[in-house]
Number of protein chains: 2
Amino acid sequence: MTRPVILTGDRTTGPLHIGHFAGSLRNRLRFQESHEQFLLLADTQALTDNAHDPGKVRRNVTEVALDYLATGIDPEKTTICLQSGLPALAELSMLYLNFVTVSRLERNPTIKDEIRARGFGRDIPAGFLCYPAAQAADITAFKATVVPVGEDQAPLIEQTNEIVRRINATAGKTILLEAQAIIPKTGRLPGIDGKAKMSKSAGNAISLSAPPEVISTAVRAMFTDPNHLRIEDPGQVEGNVVFAFLDAFDEDLITLEELKAQYRQGGLGDGKIKRRLDEILQALIGPIRTHREELAKDLPYVLDVIRSGTERARSRTETTKREVVEGLGLFVL
Amino acid sequence: MTRPVILTGDRTTGPLHIGHFAGSLRNRLRFQESHEQFLLLADTQALTDNAHDPGKVRRNVTEVALDYLATGIDPEKTTICLQSGLPALAELSMLYLNFVTVSRLERNPTIKDEIRARGFGRDIPAGFLCYPAAQAADITAFKATVVPVGEDQAPLIEQTNEIVRRINATAGKTILLEAQAIIPKTGRLPGIDGKAKMSKSAGNAISLSAPPEVISTAVRAMFTDPNHLRIEDPGQVEGNVVFAFLDAFDEDLITLEELKAQYRQGGLGDGKIKRRLDEILQALIGPIRTHREELAKDLPYVLDVIRSGTERARSRTETTKREVVEGLGLFVL
């Protein structure tokens, strides 16, 4: 039986952090056992709001690939590929743009939110407005039926499926497959300062290559319950970053529940839960960091992984493009 | 000395007519002697407003190629190539979309007019709004510096040059060349009914494969001066389709001026000028029609012209794409 195809990836705008690990990277380690997994180094998409700094987008291609390999992505099981190395994605994007209206793109809630968040105002780069069509090209080109996304990105999959239905209707037969969004159970990991979003630029992230003392400093600085002043005070678990992290990474769920109860009741100091989290994070990040350092010494190997993955992906995406072109009855040279 | 590069072409939405001959085809016969000329069978662009009918776009690829060859385009001198066969054009289009804002595209006068003319309203296909970026990709990918356009399309070249300047500024060096619009001296040939635009769908065109009797019927039906009822009446030359055609095709300019004077003064019947035009059009279209019929019997040859032209164009456009990618400092696999 063929395994279901899953497509996921990251914009190459910076190395990944422990928020990515909790939200996506570790799921991918499981998916590579059960699914045919493609991991897209999304440099083309990264340019839709980083056209002024192409160098950043380039440099982070290898950084993100290093993160993938360091966390245990196995290039024999997962195809790691470079978006800009797959011309069929651009060709399908341009084609799909004819099957979606400008007003439909403008109504996309994800795009609306992101335009607001980036402060584009009226000066949205056209590529940014159009990226849902590009994402539809990515998903369909790989024939992916499973796409893990953040909750805020589910409308993008709906947009993809609209395009799929329109292409199939025009062709009069099923060429492309609809995809299903998978929203991971673990919600988004907050920043160490308690802000909803962890990001390198906000300075509230713990990177996957953080040295031991940086991890410890970050844990010590973590936002807890500002009203939990003395050990004996009752404390809040909700909105407490240390517990959010323990929820994400502590595998001893029974002890964790006991700690939460004790914290709520009073009698458990921040120092103790922070030491526990520090140990867990050191044990988690330590091997990733070491592995990443080793891999970083062998960049030709990393490039080779990207190159051979991209070649494999090229064959897949070119096949789909040909099927779409033929299915729609366009000119085939 | 290398010859300047000229890019021109046609959307593959229908066979070409005598209006195309007057406005562009015959200029291309001269340009192929003096310029390095690329002729684009613009099937990708045709889809921006014909996505519902891809079959029409496919069928007319060979029709337009036949028109080119029949009018004397020499595939040894001019590269005839298929837009959809050149992935670099889609890749550059997607890249350029990041260097232009949505509001800039919406302000483009050509796009505004065409949106109105096509009655798109709010339901503009995104591909249609974005086509100026795609056209910038076409022009720059061939390194064309000369682009013949209708008067109404000059803003598209300005848009292209804006993108060129932005790419060069981001790269910090000149990768792409600005292009110059050439607006042909002969204005647009009116339809035989006197409407400003000749088009197959309006039923007011004379096709390049029109049989003799169809040409004669069209000439007889031509709009002249509705107030020129009797031969001795003074007649209007302006707005008179027969004279517009004579202006475009009559090579005996001295006689033509005499006829105009006589017509204005009175004493020259419509029948006489129509007979003159009929002769001229028969002499013009006859050989094109015959040549086209012969070529249509040898479609493998036509396909071979398109195929080898597209291969030549591919090498050129891939080179440019690589230069842009490297120039911007993007990741090169």
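The values are calculated or read from the model by the stated rules, or taken from the named source; none is laboratory data. Computed from a prediction, not measured in an experiment: that's the story for all the values here. FYI the Cβ positions are ideal-geometry reconstructions off the backbone, even for glycines, and counts take in every protein chain you see.
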>> Restricting to segment B:1-50, count the residues that are in contact (Cβ under 8 Å) with a residue 60 or more places away in the chain and among the polar types (S, T, N, Q).
In response: 6
> Applying the selection to segment A:77-104, what residues are part of a loop (DSSP other than H, G, I, E, B) and over 19 Å from A:L40 (Cα atoms)?
Replying inline: A:V100
> Just wondering, is there one or more residues in segment A:114-121 that are among the β-branched types (V, I, T), part of a helix (DSSP H, G or I) and either out of contact with any strand residue (DSSP E or B) (no Cβ under 9 Å at 6 or more places or on another chain) or surrounded by fewer than 20 Cβ atoms within 10 Å (Cβ to Cβ) (or both)?
Replying inline: yes
> Among B:A283, B:A296, which is of a type in the set (A, V, I, L, M), over 30 Å from B:M94 (Cα atoms) and surrounded by fewer than 13 Cβ atoms within 10 Å (Cβ to Cβ)?
Replying inline: B:A283
>> Against the conditions (1) assigned to a loop (DSSP other than H, G, I, E, B); (2) of a type in the set (S, T, N, Q); (3) free of Cβ contacts under 8 Å to residues at least 12 places away in the same chain, where does A:T217 fall short? Just the number, please.
In response: (1)
>> Could you check segment A:143-157 and list, in sequence order, the residues that are part of a loop (DSSP other than H, G, I, E, B) and surrounded by fewer than 18 Cβ atoms within 10 Å (Cβ to Cβ)?
In response: A:T145, A:G150
> Could we say that A:R104 is basic (K, R) and within 30 Å of A:S34 (Cβ to Cβ) here?
Replying inline: no
>> Looking at B:T8, B:T13, can you tell me which residue is away from chain A (no Cβ under 14 Å) and within 13 Å of the chain's Cα centre (by Cα)?
In response: B:T8
> Within segment A:15-35, can one find any residue that is farther than 20 Å from A:S199 by Cα, touching a helix residue (DSSP H, G or I) at 6+ places or on another chain (Cβ under 7 Å) and either in a loop (DSSP other than H, G, I, E, B) or of a type in the set (V, I, T) (or both)?
Replying inline: no
>> Kindly evaluate A:R107 against the criterion of being under 24 Å from A:I206 (Cα atoms) and either basic (K, R) or crowded, with 23+ Cβ neighbours inside 10 Å (or both).
In response: no
> Hey, does segment B:61-76 have a residue that's of a type in the set (S, T, Y), at pLDDT 95 or above, closer than 17 Å to B:L16 by Cβ and buried (at least 24 other Cβ atoms within 10 Å of the Cβ)?
Replying inline: yes
> When residues of segment B:40-53 are filtered for being surrounded by fewer than 23 Cβ atoms within 10 Å (Cβ to Cβ) and out of contact with any Phe, Trp or Tyr (no Cβ under 8 Å at 6 or more places or on another chain), how many remain?
Replying inline: 3
> Applying the selection to segment B:165-205, what residues are assigned to a loop (DSSP other than H, G, I, E, B), within 30 Å of A:A51 (Cα to Cα) and of a type outside the set (D, E)?
Replying inline: B:G172, B:K173, B:T174, B:I175, B:L176, B:L177, B:A179
> So which residues in segment B:248-266 are surrounded by fewer than 16 Cβ atoms within 10 Å (Cβ to Cβ), in contact with a helix residue (DSSP H, G or I) (Cβ under 9 Å, 6 or more places away or on another chain) and either over 18 Å from B:T186 (Cα atoms) or of a type in the set (K, R) (or both), if there are any at all?
Replying inline: B:T255
>> Being within 11 Å of chain B (Cβ to nearest Cβ) and touching a helix residue (DSSP H, G or I) at 6+ places or on another chain (Cβ under 8 Å) narrows it down to one residue among A:G150, A:G127; which is it?
In response: A:G127
> Considering only residues of segment B:205-247 that are of a type in the set (F, W, Y) and within 24 Å of the chain's Cα centre (by Cα), which is surrounded by the fewest Cβ atoms within 10 Å (Cβ to Cβ)?
Replying inline: B:F243
>> With the requirement that a residue be more than 7 Å from chain B (Cβ to nearest Cβ) and among the aromatic types (F, W, Y), what does segment A:84-105 give you?
In response: A:Y96
> Looking at A:D67, A:D74, which is the one that is in a helix (DSSP H, G or I) and either facing another protein chain (nearest Cβ under 7 Å) or more than 23 Å from B:L92 (Cα to Cα) (or both)?
Replying inline: A:D67
